[in-house]
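Below: the structure, in structure tokens.
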Amino acid sequence: MSLPSYYQRLIKKYPQVSEVEWHLLDQLATVRHIRKGEHFLRVGKVARYAAFVLSGQFKYNFTGDDGGEKILKFGFRDDFLTNCLSFNSNKPSYLNITALEDAVILRFNINKVQPLYDLHSSILHVNLQVYQNIMEEQAEHQYILSLKSPLERYRFLLRHRPAIIQKISLTNIARYLFTSREALSRARVMVTKKLGGQNPYGPSM
């Protein structure tokens, strides 16, 4: 039996995993539909599942000490959703993973996938790659927050993470940059003026 078409994108992204191994993973996976605003993982729950995003967008968010929402990370199509810290420590998650729009995911029970690591090193390699990507994204986000102004933070995204600029609303970008929407809007106007009035941006809500 052939794999569903969405696996072709995952095969391209993780070429070290054979088609036979994708079949093994498919036997453990379920396709789930998640509505906008629904949680894949909720604060206070221990992470038991991981998933590939087949369509839609997600945010990793929590409520800060000031009562405002903070966003640590976004998840786009073909990205991997999980909270490694919660799963590995078996402790409740301190953040939500929330759908920004109606989405479809390929969900796995992590405990059921783990036995495959000993038998299929390529699947273990994907797991390690996912962990590495998460660590790199966390380090990059910390660097972004170390920049002094909303303008500098926004310019960094334009250069290095244009997908965020193109796909995510200004309100949620502000929450990701730990600044106000008003400050970020001013920064965007300044960048637009320097570009001669051209608007390379996506959503503005």
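The values are calculated or read from the model by the stated rules, or taken from the named source; none is laboratory data. Note that the structure is predicted; figures quoted are calculated from it, not measured. Don't worry about glycine lacking a Cβ; one is built from the backbone with ideal geometry, like all the others, and counts go over all protein chains shown. Accessible surface is based on the protein model in full, side chains and every heavy atom, while ligands, DNA and RNA are left aside. Shrake-Rupley method; radii C 1.70, N 1.55, O 1.52, S 1.80 Å.
Summed over the residues of the chain and divided among them, the accessible surface reaches 55 Å² per residue at a probe radius of 1.4 Å. Computed extension length for Lys45-His160: 38.1 nm, one decimal, from 0.36 nm per residue of separation with the Cα-Cα distance subtracted. Centre-to-centre, using Cα atoms only, segment 163-181 and segment 118-154 are separated by 18 Å. With helices as the sole contributors, the chain gives -13500 deg cm²/dmol at 222 nm; each DSSP H run of n ≥ 4 counts as -39500 (n - 2.57), and the sum is divided by every residue. Rg and Dmax of segment 1-49, both derived from C-alpha coordinates alone, stand at 14.0, 40 Å. Local charge for Lys13 was computed over the other residues whose Cβ lies under 13 Å away, with Lys and Arg +1 and Asp and Glu -1, and equals +1. Loop-located chymotrypsin sites (Phe, Trp or Tyr not before Pro) across segment 89-147 with a Cβ neighbour count of 16 or fewer within 10 Å are Tyr94, with loop assigned by DSSP. Return the subset of Lys12/Lys70; Lys13/Lys112; Lys36/Lys194 for which the Cα-Cα distance in this structure is over 26 Å, preserving the input order. Listed pairs above 26 Å: Lys12/Lys70; Lys36/Lys194.
Note on Ala139 and Asp65: with the Förster distance fixed at 22 Å, the Cβ-Cβ geometry gives a FRET efficiency of about 0.45. For Lys91, the lysines whose Cα comes closer than 18 Å to its Cα, not counting residues fewer than 8 places off in the same chain, are Lys45. Summary value for the chain: 21 percent relative contact order, contacts being C-alpha pairs under 8 angstrom separated by 6+ residues. Model label sites at Lys148 and Glu38, defined 7 Å from Cα along the beta-carbon direction, differ in position by 4.6 nm. The residues packed around Ala50, meaning those with a beta-carbon under 13 Å from its beta-carbon, carry a net charge of +3 if Lys and Arg are +1 and Asp and Glu are -1.
Rounded to the nearest 20 debye, the dipole size of the chain about its Cα centre is 700 debye, using +1 on the Cβ of Lys and Arg and -1 on the Cβ of Asp and Glu.
Of all aspartates and glutamates in the structure, the ones whose alpha carbon falls short of 13 Å from that of Lys167, not counting any fewer than 8 places away in one chain, are Glu101.
Leaving out ligands, DNA and RNA, what percent of the accessible area of segment 1-63 is carbon and sulfur, probe 1.4 Å? It is 52 percent, rounded to a whole number. A Förster distance of 22 Å, applied to the separation of the beta-carbon atoms of Glu101 and Leu72, puts the FRET efficiency at 0.75.
At an R0 of 35 angstrom, the distance between the Cβ atoms of Ser185 and Gln16 translates into a FRET efficiency of 0.20. Here the spin labels are modelled as points 7 Å beyond Cα on the Cα-Cβ line, and at Tyr94 and Ser121 they lie 3.6 nm apart. Radius of gyration over Kirkwood radius for the chain, both on Cα atoms: the Rg/Rh ratio is 1.00.
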